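The values are calculated or read from the model by the stated rules, or taken from the named source; none is laboratory data. Note that the structure is predicted; figures quoted are calculated from it, not measured. Glycine gets a Cβ as well: all are built from the backbone with ideal geometry, and neighbour counts include every protein chain shown. All accessible areas refer to the heavy atoms of the entire protein, side chains included, with ligands and DNA or RNA removed. Shrake-Rupley method; radii C 1.70, N 1.55, O 1.52, S 1.80 Å.
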Amino acid sequence: MYDQIERELKVLITKDQYETLLRSYDFGKPVIQKNVYFDDDKGSVRQLGALRIRTVNGKKILTLKIRKDSITQTELEKETDTENISAITDSEIRDWFALYQIPDTLHPFASSETVRRTAELPNAELCLDISRFGNHTDYEIEYEYKKDHDGIHCFNEILSRVGLVYKKNAPSKLARAVQYSSDQNL
């Protein structure tokens, strides 16, 4: 199990800005992440945060995110052997569902595919993403804290390479998946 407080800053960028930043840092090989998001008909999970199953390199990882504030959330993760949320029998995952009152009537309602490139910085992880939501594609840079520091200052130094200053403009991938869900076939 993986349980942590996640702090991140992110900004939507243009394709040209993406290309410039890609050449500016030592990003590793791209990793493809396929995400399927789950909720009930009342949006109960989205009121708390998000629930997804991400497939990366053949592994399926269930993630439950519980929102704390605009940049901080608790993230619970555990590998699972199924993409069918109702077939999960793992007692730890079932305990999370009970603790956060996640209903049993969940179904997939949105999906996305992201090509992620990551660069390790001294105090953070820098990610460049190309995400596809149905017929929509966007580009994003994400600065994820590894240590407590003045991340906004550091992120602004990175963004200055493409003429930007940090201003929250990137809804979550879940929000974007919902926005473009009419383009998707689940």
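Please work out if PRO171 is of a type outside the set (A, V, I, L, M), assigned to a loop (DSSP other than H, G, I, E, B) and closer than 24 Å to ASP41 by Cβ.
yes
Could you pull out the residue among PHE155, PHE109 that is surrounded by 14 or more Cβ atoms within 10 Å (Cβ to Cβ) and either under 21 Å from ASP41 (Cβ atoms) or polar (S, T, N, Q) (or both)?
Just a single option satisfies the conditions, and that option is PHE109.
Has the range 141-148 got any residue that is assigned to a strand (DSSP E or B), at pLDDT 95 or above and exposed (fewer than 15 other Cβ atoms within 10 Å of the Cβ)?
no
This table checks each residue for (1) of a type in the set (A, V, I, L, M); (2) more than 23 Å from LEU164 (Cβ to Cβ); (3) open to solvent by 70 Å² or more (accessible area, probe 1.4 Å).
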| site | (1), (2), (3) |
| --- | --- |
| LYS10 | no, no, no |
| THR20 | no, no, no |
| SER24 | no, no, no |
| VAL36 | yes, yes, no |
| ASP40 | no, yes, no |
| ILE66 | yes, yes, no |
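Is there a residue in the range 170-177 that is basic (Lys, Arg) and touching a helix residue (DSSP H, G or I) at 6+ places or on another chain (Cβ under 9 Å)?
No, every residue in the range 170-177 fails to be basic (Lys, Arg) and touching a helix residue (DSSP H, G or I) at 6+ places or on another chain (Cβ under 9 Å).
Taking LEU128 as meeting all but one of (1) under 26 Å from LEU51 (Cβ atoms); (2) at pLDDT 90 or above; (3) out of contact with any Lys or Arg (no Cβ under 6 Å at 6 or more places or on another chain); (4) aliphatic (A, V, I, L, M), write down the number of the exception.
(3)
Taking only the range 13-58 into account, find how many residues are basic (Lys, Arg) and over 21 Å from ALA170 (Cα atoms).
Matching residues across the range 13-58 total 3.
In the set GLU79, GLU83, which member is open to solvent by 20 Å² or more (accessible area, probe 1.4 Å), farther than 20 Å from GLU140 by Cβ and at pLDDT 95 or above?
GLU79
With the structure loaded, tell me whether TYR37 is out of contact with any Lys or Arg (no Cβ under 7 Å at 6 or more places or on another chain), of a type outside the set (Lys, Arg) and under 22 Å from GLU144 (Cβ atoms) or whether it fails that test.
Here the answer is no, as TYR37 does not meet what is asked.
Could you tell me whether LYS146 is touching a strand residue (DSSP E or B) at 6+ places or on another chain (Cβ under 7 Å) and of a type in the set (D, E, K, R)?
So LYS146 fits the description; yes.
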